[in-house]
1. Return the only residue of 327, 338, 262, 316 being without any contact (Cβ under 8 Å) to a residue 60 or more places away in the chain and under 17 Å from residue 234 (Cβ atoms).
2. For segment 53-64, does any single residue satisfy the condition of being surrounded by fewer than 14 Cβ atoms within 10 Å (Cβ to Cβ) and over 30 Å from residue 153 (Cα atoms)?
3. Considering only segment 280-293, state which residues are surrounded by fewer than 18 Cβ atoms within 10 Å (Cβ to Cβ) and either touching a strand residue (DSSP E or B) at 6+ places or on another chain (Cβ under 7 Å) or modelled with pLDDT of 90 or more (or both).
4. What single numbered condition from (1) near the ligand (Cβ under 10 Å from one of its atoms); (2) modelled with pLDDT under 90; (3) touching a strand residue (DSSP E or B) at 6+ places or on another chain (Cβ under 8 Å) fails to hold for residue 1?
5. Between a residue in segment 20-33 that is farther than 19 Å from residue 61 by Cβ and any residue that is near the ligand (Cβ under 7 Å from one of its atoms) and modelled with pLDDT of 90 or more, which pairs come within a Cβ distance under 7 Å, given they are 6 or more apart or on different chains?
6. With the checklist (1) free of Cβ contacts under 8 Å to residues at least 24 places away in the same chain; (2) away from the ligand (no atom under 16 Å from the Cβ); (3) over 20 Å from residue 227 (Cα atoms) in hand, flag the one item residue 92 doesn't pass.
7. Just for segment 38-78: of the residues that are more than 16 Å from the ligand (Cβ to nearest atom) and in a loop (DSSP other than H, G, I, E, B), which one is farthest from residue 90 (Cα to Cα)?
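The values are calculated or read from the model by the stated rules, or taken from the named source; none is laboratory data. Treat the numbers as computed from the prediction; the structure is a model and nothing was measured. So basically every Cβ, Gly included, is an ideal-geometry build from the backbone, and we count neighbours across all protein chains shown.
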Ligand SMILES: [Zn+2]
């Protein structure tokens, strides 16, 4: 074993996954018994390592100055669960929404690197090694890198340091020369496709399409999937509102069934998407073409809605959707909540006034809900 490694290559091709596997192999009780030096995957240190609970594995990510400890901890936990998921603060400023880029500086600063170096001087708690994984180690400015260099020059005993970096060309030559380099290449579309099918239960046809779009990065593939899902849920949210207007159970029920089958969290997301639609309607009604819409690609549908339903009580619609969200969070029956919501939305779209979601219904329904 070398004491310091640099895993370098494009994003999303397995550098973090390999770092975690190496750390686990170093701490496995039965290492090497398989004859390949791999972790057994079953002993206590292995299970702890897999769940991110091993006290001798330290994972660090760069983050912006104002990030909360909870946010950082949650990202590192996600990284343990699936090291290919996008947890980078730069490419995903908030865990709740993807597809944006942060304008904030996301780096290891000098104070942070000092804390990390202190961490790595701890003697191993349970295993024979302490492993420090610094994700995106290319995001150090010169003072930070110079400080960190001391650690690589005189590494603590029984500590293995793994750096991962996309742009190793931007790192200090003195740091580069202290590490053993391992290069990671883009993945083949065939490998991405196969893994999507086997590990993420994606339909083969869709997996093939996404894999070809992913540009050799499994992280990109996961992001494409998530955004595709988001796009189809957004359509579903709009369609639910549209069909609600009919007050026709034959048209509303299929949507209620389809949505409630998704599970409670996705339903909450869907209700959030409904809110973004109605907010766009409010904005469009007030400002017309000048409105800065969230669903800007759907301006035509929004224009038609506002033109066709001049009497709609958009303010009530917002309130009903918010009320339904609270009910779903509060463990109410999801399908029933959606059904009642559809009815309330229909009334509001027709300009009828009612105080809350359940107003026209008898109390037994409340009891079931
Ligand atoms: Zn093991």
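1. On the way: 327 fails: under 17 Å from residue 234 (Cβ atoms); 338 fails: without any contact (Cβ under 8 Å) to a residue 60 or more places away in the chain; 316 fails: under 17 Å from residue 234 (Cβ atoms).
Going through 327, 338, 262, 316 in turn, the sole match is 262.
2. No, segment 53-64 has no match at all.
3. Within segment 280-293, just 282 meets the criteria.
4. All conditions pass for residue 1, except number (1).
5. 27/45; 28/43; 28/45; 28/46; 29/43; 29/45; 30/43
6. (3) is the only condition that residue 92 fails.
7. Result: 68.
Quick grid of which residues meet (1) touching a residue at least 24 places away in the same chain (Cβ under 8 Å); (2) part of a helix (DSSP H, G or I); (3) farther than 30 Å from residue 186 by Cβ:
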| site | (1), (2), (3) |
| --- | --- |
| 229 | no, yes, no |
| 246 | yes, no, yes |
| 252 | yes, yes, yes |
| 280 | no, yes, yes |
| 289 | no, yes, yes |
| 298 | yes, yes, yes |
| 304 | no, yes, yes |
| 311 | yes, no, yes |
